Amino acid sequence: MLLTFYRPGFLPGPFYAYTMKHIKKRFLFESEQNLLDESNETFTTYDANDLKSPSSVFKGKEGYLTFIQREGGYTYGAFVHKIDGREYLFPIPDPTLIYFHNAQIHLEIIKRERKNLLTALDIEKGLSETGINQIFSFYGAVSNFVINLFTALESFINQRIPDDFNYVLVSKKSTISYNKKQIMESLQFDEKLKEVLPKATGKIINTTSPKFQRINELKIFRDSIVHTKPGTSNTKYDELIKKAIKFNYRESLEAVADVMNTFKKDYIIECDCGRDF
């Protein structure tokens, strides 16, 4: 499956396309260099090659950041977690990329299930058991896509705000300062994306562009799913159903990728493994 994204999109400059299969999966602590500092007592070192030996026992400390060294000095950060008395080693993935990847997977499912749904619900053919099943398959995929994609964007915004950043609002009557924790917990999504993130990173986005409008539409759709409310008409949920059929999922995915790549260069890129997923 090939996805087409357009970038930079939010900044002046050439407008060009690139294609990608699934995105490159990254971890929060990873580097081609040796990240270990032997003087830091909070780090536990571990040679991942020892995993090949069934008799090897990892003596890590639960709650400590552990670095796994692989061939060529490549390093992954992980943590140790004890489950039912046994220790396990968990590399720490980038959750933003997990959510984005989940949305990307469901893009193709939505395309397929939408086609199957409309075929099964053709009024001239009547409603079959297949049609009933297709309804659940389609709306399940839609919900997964929308919620995961918006969650990816929220997660990304929180990640890109520096830990020591303060967002200051000055008016004639008061000056209010928010630290990172207060930003994440108190401010609305729109303010964090349009005001906080540009100030925190020095990057600029065009909030009047058609692509940014896709972000607004995604948020509205996400809110209507997460806070589902029946309408006042006899059909109750007809507007939500119509939106699910007509929503532009591909352009929403592209818009979110553009925002992320604007604030962090080449963050959403194609994996070079050669596999679709």
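Per-structure values
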{"quantity": "The stretch 195-220 residues that are modelled with pLDDT of 90 or more, paired with ones that are among the polar types (S, T, N, Q) and open to solvent by less than 30 Å² (accessible area, probe 1.4 Å) (beta carbon under 9 Å, 6 or more apart)", "calculated": "Lys203/Thr262; Arg214/Ser252; Ile215/Ser252; Glu217/Ser252; Leu218/Ser252"}
{"quantity": "Scan of the stretch 139-162 for residues that are over 18 Å from Lys203 (Cβ atoms) and open to solvent by 70 Å² or more (accessible area, probe 1.4 Å), ordered by number", "calculated": "none"}
{"quantity": "Some residue of the stretch 139-153 being over 26 Å from Lys246 (Cα atoms) and either within 18 Å of the chain's Cα centre (by Cα) or assigned to a helix (DSSP H, G or I) (or both)", "calculated": "no"}
{"quantity": "The stretch 175-212, residues that are of a type in the set (Val, Ile, Thr), open to solvent by 80 Å² or more (accessible area, probe 1.4 Å) and within 22 Å of Ser252 (Cα to Cα)", "calculated": "Ile204, Thr208"}
{"quantity": "Sole residue being among the hydroxyl-bearing types (Ser, Thr, Tyr), modelled with pLDDT under 95 and more than 16 Å from the chain's Cα centre (by Cα), chosen from Thr235, Thr262", "calculated": "Thr235"}
{"quantity": "Test result for Lys243, open to solvent by 40 Å² or more (accessible area, probe 1.4 Å), part of a helix (DSSP H, G or I) and at pLDDT 90 or above", "calculated": "yes"}
{"quantity": "Criterion: out of contact with any Gly (no Cβ under 9 Å at 6 or more places or on another chain), part of a loop (DSSP other than H, G, I, E, B), open to solvent by less than 70 Å² (accessible area, probe 1.4 Å) and not β-branched (Val, Ile, Thr) - qualifying residue of Phe165, Phe221", "calculated": "Phe165"}
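The values are calculated or read from the model by the stated rules, or taken from the named source; none is laboratory data. Treat the numbers as computed from the prediction; the structure is a model and nothing was measured. In this analysis, Cβ positions are derived from the backbone assuming ideal geometry, glycine residues included, and neighbour counts consider all displayed protein chains. The protein model used for the area step is the full one, side chains on, heavy atoms only, and it has no ligands, DNA or RNA in it. Shrake-Rupley method; radii C 1.70, N 1.55, O 1.52, S 1.80 Å.
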